[in-house]
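Q: I'd like to ask some things about the structure below.
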Amino acid sequence: MQYNSYMYLFAFLIPVVILYYIIPIKYRWGVLLTASIVFYLFSSKYLIVSILFTSLLVYLAAKNIEDRNLKFKEIKKSLEKPERKLLKEKNEKKNNLVCGLVAIISLGILFFSKYLNFAGNIANSFCRLLNINMQFETVHLLMPLGISFYTLSAIAYVIDVKRGVCEAEKKPLKIFLFLSFFPTVTEGPIERYKNVGKMLSTGHSFDYKTFCFGLQLMMWGLFKKIVVADNLNRYVMVVFRDYKNFGNWVIILMVLVYTLELYADFSGCIDIARGSAELFGIELSENFKQPFVSKTVNEFWQRWNITLGSFLRDYVFYPVSLSTGFQNLSKKSKKVFNNYYATTVPMIFALFMVWLCNGLWHGSEVKYVVYGLYYYAILTLGLLLEPLFKKIFESLNINRESKGYQRCQIARTFILVNIGMMIFNSKDIASAKEMFFAMFKPSAISNIPQELLNTGMQSPAMVLLFIIPVIIFAFVGHFHEQGISIREYLAQKPLFYRWSFYLAGVAVIISLGAYGVGFKGADFIYAQF
Amino acid sequence: MTRQNIIIRFFAFLMAVFLLLQALGWISIKLMQNTNPVLNYYSKKIYNEPENTIDVISIGSSDVYSSISPLEWWKDYGYTGFSWGEASQRPAENYVYLKKIYEKQKPKVVFLETATFFRDQSDIDNINTTIKAYLEQIFPVFAYHRFLWGPNPVRIFNSPPKKSVSKGYFVRPEVEKAQDSQKVLKKGKKIKMNKISKYWVDKTIELCEKNGSKVVLLKCPSSDWSKKKYESIKKYADKKGIEFLDLNYELSGYIDWDNDTCDGGIHMNYFGASKVTSYLGDYLSENCKLKDHRKDKKIKKSWNHNYKVYKKELERAGLKRADSFSAANPLLQKPFMN
């Protein structure tokens, strides 16, 4: 069920909101649970068993860890120090084992439903290379809705209980609600139990302001998705499919348009999801923070799909860097390298896992692995060459704190991100490579109008769907970057202005949206992951 | 803010949205005109036809507006028809639109295009379609919003022709031959109607029968069809005791897949449409006792005028046909299979 579908907006969300507020506050979480089950059943039918199983697994695992920890707390005072230490270590090992098992089983289900054919294809390639007469057949597998999102939330929950960041939930159904909560299950944000667990399981009274903010956010998300992303999709598709028929300027332009489309699509979905949750008084994590003002690629990933980045940082990067193997590597590095490289080299090894996981998370295709490793290569080069850059800038007397330099950094990061987006949306690596080189093959600028017409894009569409959204996003982003909340600003305005603004928003979405007779909107891009 | 104030404010805002959508709907319908009379084929124009003047309704998706030209029936037999086709129409929409059509018209025959039956394969898609269909009845802007950004907004001040000259038919002169693989009807995968789709098809047939119309299930020639789909519909039609004309089979050998399609086999162009229309015209004349309206004083003037305009536009586009469709198509001498 798409968040921008008639069914979600009119037949699902409205009844759920009404039901939520007419039922006694104590049972309101039950309405969310039932709604999430209905939502999931409509989207994935019997595959709900997968998320049910994962919920039960992490519920039992977290409970097991907490029971052990509580038992230890109870008896530790009665134990001698050596015994206490021994028991603590033993418990730690058992907890690690439980976490490991949960990760293996959950990721195993994810692997089976998402990566089995990919692994089979790789194995087939190796067999061909080594002349081994073996062939893995492609298996038709159905992927449970949101498996890439809820699996990560599930693992994070168990690890957080182990780390003592949050308490284990007593009711298994509340864990199921946490993992299957309908606004987050399709495209995230990848939530942590410590952030939303309580909000989900306690009912909320109707709050006029929060409710209105939720509706505003949904409207903003719908604008991004059906006015900007879905309208741009048809032009982008033409160029990415038949890039050989277009000159370099149109390819460059459409790579930029695709970046805008993906941003509008993904952040639009998240806005609808966050807005939907706010209707119930639940505040979800932000997943985007003006990503295109990032000065470095690293910063970009702290502003784009933030919850994925923070998951990889907390549950991949830190455990890998703190593991015994890496600690040993770090010690050895200190003997070989200077201070800078002694800390950087082990970090580079740990980052490899992060970016490999990032690429693989996006999909079971080689291009996604390359997409992740592309960012890894940029980061690695940046880290390794930093001392050299430092020297060069110092000798040239360039102030790296100056605004001019920072603007250059933003432009550089923007270009690198766009190349990444091109890899992301290409059919395969070969196409990405060809498209990349085609961007540098000069073609006549005078061909641009005709080539744009070939994509179906006429100049009014270009202005309406590309230039105006860019201006709007820049305007909104600028205020958010200054820490100004546009919603709060609007809320202080007189009713007449507010309503005029909302009605204008409704009119724009209804009249400019890509939907209706003969039009099928594109699926949310990140929903496939 | 008190609860009462919130409720008042909420309903006031809803009312404002309602009025806004109605206003946008009114404007979009005003702008939904094409200055070329034969391109002004939009289905909703049927609501502007005088009461009880349409005897044959063909309803379905783009296959209908691409394949059936009711004015040819007028010329050859004096039958009054209208082609209601909306791109990618679905079963729930067939029902909702037909129900509205019955408020003003009492068609004797309804051709129900079956490409619509398999379009929504999931429950979610069917529910979406159902909501969309009802919503578009209340707020036409949801269906016609694309016209709001048309090239000529001044049209809003014009008083454009209210009826569709071509009676819903969309003249498609382009020729794009079908690929070899598309010329032969594929076997296809086993398929059956989704239960919600079937519910709406049942309801549509019931609605037609309740209103005294003969229902004929129809499949216009298209490469976007399969043997399995044919078998599924045939089984359904037999169970219901209604006729099913699958023109992929009925006109097999007569459709020229190199010249009769405008988009590589998916839709008929003018030449393919003339074959489909004449076949159906002969079917109507042999199987349904329809009145020849050519001497009917109430409507003959308007229909003759429409035909004249239509013919002139065809000539302007360089599209010629033989004086009689039937004469041009020897296949129509062949007895009907049902």
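Q: Select from the stretch B:61-93 the residues that are within 14 Å of chain A (Cβ to nearest Cβ) and assigned to a helix (DSSP H, G or I) and list them in ascending order.
A: Listed by number, the residues that qualify are B:SER62, B:ASP63, B:VAL64, B:TYR65, B:SER66, B:ALA92, B:GLU93.
Q: Continuing with the same structure: Just to check your reading of the model, which residue among A:MET237, A:MET218 is free of Cβ contacts under 8 Å to residues at least 12 places away in the same chain and in a helix (DSSP H, G or I)?
A: The match here is A:MET237.
Quick grid of which residues meet (1) surrounded by fewer than 24 Cβ atoms within 10 Å (Cβ to Cβ); (2) touching a helix residue (DSSP H, G or I) at 6+ places or on another chain (Cβ under 8 Å):
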position	(1), (2)
B:THR2	yes, no
B:ASN5	yes, no
B:ALA16	yes, yes
B:LEU24	yes, yes
B:ILE27	yes, yes
B:TYR41	yes, yes
B:ASN48	yes, no
B:THR53	yes, yes
B:GLY85	no, yes
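Q: Of the residues that sit in the stretch A:189-227 and are within 14 Å of another protein chain (Cβ to nearest Cβ) and hydroxyl-bearing (Ser, Thr, Tyr), which one is surrounded by the most Cβ atoms within 10 Å (Cβ to Cβ)?
A: A:THR210
Q: When you scan the stretch A:249-260, how many residues do you find that are surrounded by fewer than 20 Cβ atoms within 10 Å (Cβ to Cβ) and either more than 23 Å from A:VAL293 (Cβ to Cβ) or not assigned by TED's automatic domain parsing to the domain that holds A:GLN450 (or both)?
A: So the answer is 1.
Quick grid of which residues meet (1) modelled with pLDDT of 95 or more; (2) assigned to a helix (DSSP H, G or I); (3) in contact with a Phe, Trp or Tyr (Cβ under 8 Å, 6 or more places away or on another chain):
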position: A:VAL257; (1), (2), (3): no, yes, yes
position: A:ASP271; (1), (2), (3): yes, yes, yes
position: A:PHE311; (1), (2), (3): no, yes, no
position: A:PRO319; (1), (2), (3): no, yes, no
position: A:GLN327; (1), (2), (3): no, yes, no
position: A:LYS331; (1), (2), (3): no, yes, no
position: A:TYR341; (1), (2), (3): no, yes, no
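Q: Out of B:ASP238, B:ASP258, B:ASP282, which single residue is on the phi < 0 side of the Ramachandran plot, acidic (Asp, Glu) and either touching an Asp or Glu at 6+ places or on another chain (Cβ under 6 Å) or not in a helix (DSSP H, G or I) (or both)?
A: B:ASP258
Q: From A:LYS71, A:LYS45, grab the single residue that is more than 27 Å from the chain's Cα centre (by Cα) and either within 14 Å of chain B (Cβ to nearest Cβ) or not acidic (Asp, Glu) (or both).
A: Residue meeting the stated conditions: A:LYS71.
Q: Also, I was wondering about something else. Determine which member of the set B:SER28, B:SER122, B:SER62 is within 14 Å of the chain's Cα centre (by Cα) and not β-branched (Val, Ile, Thr).
A: B:SER62
Q: Before we move on, is A:SER148 assigned by TED's automatic domain parsing to the domain that holds A:LEU60 and farther than 23 Å from A:GLY309 by Cα?
A: Criteria not met by A:SER148.
Q: Pick out the one residue from A:ILE48, A:ILE25 that is in contact with a His (Cβ under 9 Å, 6 or more places away or on another chain), in the same structural domain as A:LEU200 (by TED's automatic domain parsing) and either touching a residue at least 60 places away in the same chain (Cβ under 8 Å) or within 15 Å of A:LEU179 (Cα to Cα) (or both).
A: A:ILE25
Results for (1) within 12 Å of another protein chain (Cβ to nearest Cβ); (2) not in a helix (DSSP H, G or I), shown as yes or no for each residue.
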{"position": "A:MET1", "(1), (2)": "yes, yes"}
{"position": "A:MET7", "(1), (2)": "yes, no"}
{"position": "A:LEU19", "(1), (2)": "no, no"}
{"position": "A:THR34", "(1), (2)": "no, no"}
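Q: Next question, about the same structure. Residues being assigned to a loop (DSSP other than H, G, I, E, B) and of a type in the set (Lys, Arg): count how many of those fall in the stretch A:274-300.
A: 2
Q: Scanning the stretch A:352-381 for residues that are of a type in the set (A, V, I, L, M) and more than 18 Å from the chain's Cα centre (by Cα), which turns out nearest to A:ALA430 (Cα to Cα)?
A: By that ranking, first place goes to A:VAL366.
Q: Separate question: Mind telling me which of the residues B:LYS108, B:LYS132, B:LYS167 ends up being within 14 Å of another protein chain (Cβ to nearest Cβ) and either within 19 Å of B:ALA273 (Cβ to Cβ) or modelled with pLDDT of 80 or more (or both)?
A: Criteria check complete, one pass: B:LYS132.
The values are calculated or read from the model by the stated rules, or taken from the named source; none is laboratory data. Model, not experiment: these values are computed from the prediction. Here Cβ is always computed from backbone atoms with ideal geometry, including for glycine, and neighbour counts include all displayed protein chains.
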